[in-house]
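Since the structure comes first, as structure tokens, the remarks are kept for the end.
No value in this document is a laboratory result; all are computed from the given coordinates. Everything numeric in this text was worked out from a predicted model, so none of it was measured.
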Amino acid sequence: MTTHQSISGQTDDDLLQRVIRTDPNRFGDAYWAVFDQHVLPRLGSAPAVVDLGCGQGLFLRDGSHRLHKARLHGLDTLVRAAVELPKENLH
């Protein structure tokens, strides 16, 4: 399977470290303003949300604060992302 890492020549660890390093910039106020305006109104009261390529689950973690009744699911092929998932990302 072709992955971002195989195309860029980076290792899984390189990608994981970049994800961790850029976490504070990933889903900031501007992102959530667009989400709240354009996506949230289209979701039902208890949506199922699937994040493909979820990495450490940052979107799911942050989204859980807005989507209280949602069923949130994440899937990633980068095993180390799941293994090193910070406990605060789990509910």
Practice prompt. Would you kindly derive the ³J(HN,Hα) couplings of the stretch 8-19 from the backbone phi angles with the Karplus curve 6.51 cos²θ - 1.76 cosθ + 1.60 (θ = phi - 60°), listing them in order in whole Hz, with x for Gly and Pro?
Written response: 8, x, 8, 8, 4, 5, 4, 5, 4, 5, 5, 4
Fill in: Placed amide H near Asp51: partners under 5 Å, 5+ positions off or other chain
His73, Gly74, Leu75
